[in-house]
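Nothing in this text is a laboratory measurement; each read-out follows from the coordinates by a stated rule. None of the values given here were measured: they were computed from a predicted structure. Cβ: placed from backbone, ideal geometry, glycine included. Neighbour counts: every protein chain shown.
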Amino acid sequence: MDFYIRKAKMQDVKNIHALLMDCASAGQLLPRSLNSLYSHLRDFYVLVDKESKEIHGCCALTIYWENLAEIRSLAVSPELKKHGLGRKLVEACLSEAVTLGVYKVFTLTYVSGFFARLGFEEVEKEVLPQKIWADCLNCPKFPDCDETAMLIKM
């Protein structure tokens, strides 16, 4: 397995969308529209096979405020899970957060154990007012969100 991580490009959007929709249909994350992906393309990193150039994973870092960002849309192809590639995608996003001067990063997740191993700690959703008003109000699961809020301070 030989992969690299890079910032997403315009031609990656449909592949990112397909990967996210597969994960959403499996109940692993919430779906994202193509429009949303095009609008937030600069937030995304992709995991690329060096030989085939196929995209096998993605993760986004979305900035909410001067001191708060979110890790979202983390997905890795099922056959590549448990190889540390999701960790590498999250680490790329965390590195970018530090580069930008953002030292608090949260996630809403169904896999809290994964993020706990990376240093994230469970928090109440109420400590994330920017997220609630920016995205959650438009979510079909609001106000009965079943994801776990987690936060890391760097």
For residue 81, the residues 5 or more places away or on another chain with a placed amide H closer than 5 Å to its own amide H are none
Please find the FRET efficiency linking residue 49 to residue 126, where r is the Cβ-Cβ separation and R0 is fixed at 30 Å, and quote it to the nearest 0.05. 0.15
Choice from 35, 15, 67 with maximal GNM fluctuation in the chain (Cα, 10 Å cutoff): 35
Diffing the range 8-22: the Karplus 3J(HN,Hα) column from phi (6.51, -1.76, 1.60, θ = phi - 60°), in whole Hz with x for Gly and Pro, holds 5, 10, 3, 6, 8, 4, 5, 5, 4, 4, 4, 4, 5, 5, 4
In sequence order, calculated HN-Hα J values of the range 49-59 (Karplus, 6.51, -1.76, 1.60; Hz; x Gly/Pro): 6, 4, 7, 8, 6, 6, 8, 10, x, 7, 6
Any residue on another chain or 5+ positions along whose placed amide H is under 5 Å from the amide H of residue 3 is listed here as 50
Taking θ as phi - 60°, what are the ³J(HN,Hα) couplings along the range 93-109 by the Karplus curve (6.51, -1.76, 1.60), each to the nearest whole Hz, with x for Gly and Pro? 5, 5, 5, 5, 4, 4, 4, 7, x, 9, 10, 10, 10, 10, 8, 10, 9
Tail beyond 27 Å, pair distance distribution of the chain (Cα, percent): 17 percent
